[in-house]
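> Before I ask anything, here is the structure I am working with.
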Amino acid sequence: RCRLVASHCVCDWRPQVRTRAGVCLIMGDIEALKPSNTGWLVADVVADTWAFGWSRTAVDPGLPALLADPQWQPCLVFPGEFVSPQRVVTSLEPMLARTGAQGGGRKPLCGLRDGTWSEARKMFRKSPYLHHLPVLSLQPDQVVSNYRLRRSARDNHFCTSEVAAMCLALAGETRAAEALAAWLDVFTAHYLSARRSAPLDRGSDAHARLQVLEKTAV
């Protein structure tokens, strides 16, 4: 299932964490087929994860239907510098308070563009059916990306699972955010060890952190 060779299979390490927030992945081109893609890691941790392929000329009818579902309060995750200030939010708390999500109302649904930076910008600009949604602009401060599976042209870029973890933290899903971060680190260790035909260290800090989260999960 993890697409790794049997000797480096990571499936048994998959964390099981309850979450209330949801994630909607809008995937560019062949992103889902790339072995270095981390969107599927989000789906492993967040039960309510949807993935839709993006096309400039056609829209999967399931996407607008999901965004219109009254149980969800959707937002798009994208740098605020690219949109009008009126659409930008830097925290999920105002939306949660407005919709009563903390008390059983609408739940946060974070829309992420899963692809290269150029693909993400194109999807953002050329998706008019998404232009009415608020834009969550993350402020990672001193956070440094741990993503080592693919090079980025920009130092301040984060992979999809790292962005999703930040969103979960903002939604108050601290344990899920920690589990997703640890899950990325464990998968990275297995993936790189398999690619380099190197021995796998199952006693690493990442593995230990994931085990602790599993033992303390509610």
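> Please work through the chain and write down the cysteines that have no neighbouring cysteine Cβ at a distance under 4.7 Å.
Cysteines lacking a close Cβ partner in the chain: C2, C9, C11, C24, C75, C159.
> Ignoring ligands, DNA and RNA, what percent of the 1.4 Å accessible area of the chain is carbon and sulfur? Each step should come with its number before you reach the end.
Values: 5910 of 11390 Å².
Using a 1.4 Å probe with all protein chains present, the chain comes out at 52 percent carbon and sulfur.
> In whole percent, what relative contact order does the chain give with Cα contacts below 8 Å and a gap of six or more residues?
Once normalised by length, the contact order is 28 percent.
> Please count, across the chain, the pairs of lysine residues with Cα atoms under 27 Å apart that sit 8 or more places apart or on different chains. Intermediate results must be reported in sequence, preceding the final value.
Working: K34/K122; K34/K126; K107/K126; K107/K215.
Close lysine pairs under the 27 Å cut-off: 4.
> Moving to a separate point now. Over all directions, the average projected area of the alpha-carbon convex hull for segment 154-215 comes to how many nm²?
Quarter of the Cα hull surface area: 5.1 nm².
> Could you tell me, in Å, what Rg and Dmax come out for the Cα atoms of the chain?
Both quantities, over Cα of the chain: 17.3, 52 Å.
> What FRET efficiency comes out for S7 versus W117 if R0 is 45 angstrom and r is the Cβ-Cβ distance? Round to the nearest 0.05.
Plugging the Cβ-Cβ distance into 1/(1 + (r/R0)^6) gives 0.85.
> Keeping every protein chain present and rolling a 1.4 Å probe, give me the accessible area per residue for the chain in Å².
On a per-residue basis, the chain sits at 52 Å².
The values are calculated or read from the model by the stated rules, or taken from the named source; none is laboratory data. Note that the coordinates shown come from a computational prediction; the quantities given were computed from them, not determined experimentally. Cβ coordinates were reconstructed from backbone atoms using ideal geometry, including for glycine residues, and neighbour counts include every protein chain displayed. The accessibility values were calculated without ligands, DNA or RNA, using every heavy atom of the protein model including side chains. Shrake-Rupley method; radii C 1.70, N 1.55, O 1.52, S 1.80 Å.
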